[in-house]
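The values are calculated or read from the model by the stated rules, or taken from the named source; none is laboratory data. No experiment lies behind these values; they were computed from the predicted model shown. As a convention, Cβ positions derive from the backbone with ideal geometry for all residues, glycine included, and neighbour counts pool all protein chains shown. For accessibility, only protein heavy atoms count, side chains too; no ligands or nucleic acids. Shrake-Rupley method; radii C 1.70, N 1.55, O 1.52, S 1.80 Å.
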Amino acid sequence: MTAFEDLANLIISGQHSAAAQWANTELSNGVSPEDIIEKGMIPGMDEIGRRWKDQEIHMPEVLIAARAMKSCMAVVKPLLANFADTSRGSVVIGTVKGDLHDIGKNLVVMMLEGAGYTVYDLGNDVAPEAFVKAAEENAVDIVAMSALLTTTVPMMTETIEALKRAELREKVKVMIGGAPVSDELAKQIGADGYAPDGASAVDVISTLMKSH
Ligand code: B1M
């Protein structure tokens, strides 16, 4: 078993303190925060997703795994942010209205902050009007939306419509992400970009910034 599998197993079994301690120890051994996220944390959560889908586990197990994931994030996040010196641009991000899934969105936030973007994280269950208000008040370059439920994907369209009504759509680029969305959907709803994961989100946003 690789060391990263040990971390994945700590996440799967919901051992939040041990998972955070594992991350701390490996960081001091010189393992990069990116490797900890991509090779340990995400595979752990992916396995939880598979087990839940196959009805091998129930909601409490999912929630304790999510808590372990958050404990690890708290450890690696400050190190990702250390890469940043000056802001490369500003992003308002949230999980759309009706949707409480925030683990993937939080990973995207960490990656963007680590890459040097100023991020205004509105959390989850974010109404279209709240995206508009934050985009306007902070004069951001990018509005980024996450959705994990097929039933909340239409909220992305509603948010784009709200940006248009507020005459902000021409002033910002819109990026979407999350398991039920795709590049094709981004084109259909009039978003400017789609990213399948946190690392690609950084690439997509830097491309969008060039045309902004
Ligand atoms: Co829920 N859930 N959940 N859930 N949950 C899913 C999403 C589901 C696929 C499980 C399943 O049935 N197989 C399913 C959705 C089905 C669908 O609509 N297609 C589902 C359901 C149905 C529900 C409830 C309705 C269950 C119920 O109550 N009956 C309910 C809804 C609550 C609500 O939101 N209103 C619910 C609740 C929950 C919990 C609260 C228990 C918990 C969320 C805890 C939290 O987030 N704080 C939870 C979890 C954990 C999951 C699974 C197991 C894992 C999601 C996750 O965190 N993945 C999930 C099953 C699965 O995904 N296999 C499931 C790990 C994370 C790193 O990946 O979020 O995909 P992900 O993020 C990735 C990319 O998608 C991307 O980058 C991330 C990093 O690589 N990405 C972006 C995400 N956002 C991005 C934004 C970007 C760019 C990239 O730019 C803006």
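Data overview
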item	result
Residue in region 131-149 that is out of contact with any helix residue (DSSP H, G or I) (no Cβ under 6 Å at 6 or more places or on another chain), at pLDDT 95 or above, assigned to a helix (DSSP H, G or I) and among the acidic types (Asp, Glu) present	yes
Lone qualifier among Thr152, Thr118 - being closer than 15 Å to Val92 by Cα, buried (at least 16 other Cβ atoms within 10 Å of the Cβ) and out of contact with any Cys (no Cβ under 9 Å at 6 or more places or on another chain)	Thr118
Unique residue being farther than 15 Å from Ala201 by Cα and surrounded by 22 or more Cβ atoms within 10 Å (Cβ to Cβ) when the list is Asp99, Asp125	Asp99
Scope region 24-36; condition modelled with pLDDT of 90 or more and either assigned to a helix (DSSP H, G or I) or in contact with a Gly (Cβ under 7 Å, 6 or more places away or on another chain) (or both); matching residues	Asn24, Thr25, Glu26, Leu27, Ser28, Pro33, Asp35, Ile36
Which listed residue is open to solvent by less than 20 Å² (accessible area, probe 1.4 Å), near the ligand (Cβ under 9 Å from one of its atoms) and closer than 20 Å to Ala19 by Cα, from Met69, Met73	Met69
Members of region 34-56 that are aliphatic (A, V, I, L, M) and near the ligand (Cβ under 9 Å from one of its atoms)	Ile37, Met41, Ile42, Met45, Ile48
Filter result for the condition that a residue is of a type in the set (Ser, Thr, Tyr) and either free of Cβ contacts under 8 Å to residues at least 24 places away in the same chain or at positive phi (or both), over Thr152, Thr118, Thr157, Thr207	Thr207
